[in-house]
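The values are calculated or read from the model by the stated rules, or taken from the named source; none is laboratory data. None of the values given here were measured: they were computed from a predicted structure. Cβ: placed from backbone, ideal geometry, glycine included. Neighbour counts: every protein chain shown.
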Amino acid sequence: MEYLVIVFPGSRFTGAIAPALTDAVAARTVRILDLTFVRRTDDGALEHIELQDLDADELGRLDPVEGRVRALLNEDDIQALGQRVPPGSSAALIVWEDLWAKPLADAVREAGGEVVAHERIPATVAGHAMTAALSH
């Protein structure tokens, strides 16, 4: 499982990410385990917004997600992740399972192996590393 916090400065969430998320679910690349939204007011207060409380213009189309969200994030999780949202912004909090990795994880376990490190490299760091590697 992984989580992702996507911030929309100025609370400009329009549902534009919905098609990409829907495609990832439909392709069985990921399974959405939780999806919720927060807004941080200009004075810093955090508002938790449930999926069903968003209107169609804000949400976009998430057909393959509906009915599969399980509410794994509790209020403490939402408050902790919400601290990363700047005042005046909104965010989508997504917990997913990487379905593409399941066969590999099963094979590792069957072979008696153990994953001892797994981290995402930020896009900016990866971009700089690729640029440096290609320039040599």
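The residue pairs whose first member lies in region 14-40 and is among the small types (Gly, Ala, Ser), whose second member is modelled with pLDDT of 90 or more and outside any loop (DSSP other than H, G, I, E, B), and whose beta carbons are closer than 6 Å, counting only pairs six or more residues apart or on different chains, are ALA24/VAL30. Checked against (1) touching a strand residue (DSSP E or B) at 6+ places or on another chain (Cβ under 7 Å); (2) farther than 30 Å from PHE37 by Cβ, GLU97 passes all but condition (2). For region 61-80, the count of residues that are hydrophobic (A, V, I, L, M, F, W, C) and either modelled with pLDDT of 90 or more or in contact with a Lys or Arg (Cβ under 6 Å, 6 or more places away or on another chain) (or both) is nonzero. Remark: pairs (first residue in region 108-127, loosely packed, with under 10 Cβ neighbours inside 10 Å; second residue in a helix (DSSP H, G or I) and of a type outside the set (Val, Ile, Thr); Cβ separation under 8 Å; 6+ apart in sequence or on different chains) = ILE121/ALA129. Within region 41-56, the set of residues being touching a residue at least 12 places away in the same chain (Cβ under 8 Å) and either surrounded by 15 or more Cβ atoms within 10 Å (Cβ to Cβ) or touching a strand residue (DSSP E or B) at 6+ places or on another chain (Cβ under 6 Å) (or both) comprises LEU46, HIS48, ILE49, LEU51, LEU54.
For the criterion of being within 25 Å of the chain's Cα centre (by Cα) and exposed (fewer than 11 other Cβ atoms within 10 Å of the Cβ), VAL95 fails.
Taking THR131 as the residue in question, decide whether it is modelled with pLDDT of 90 or more, of a type in the set (Val, Ile, Thr) and loosely packed, with under 13 Cβ neighbours inside 10 Å. When the stated conditions are applied, THR131 passes them.
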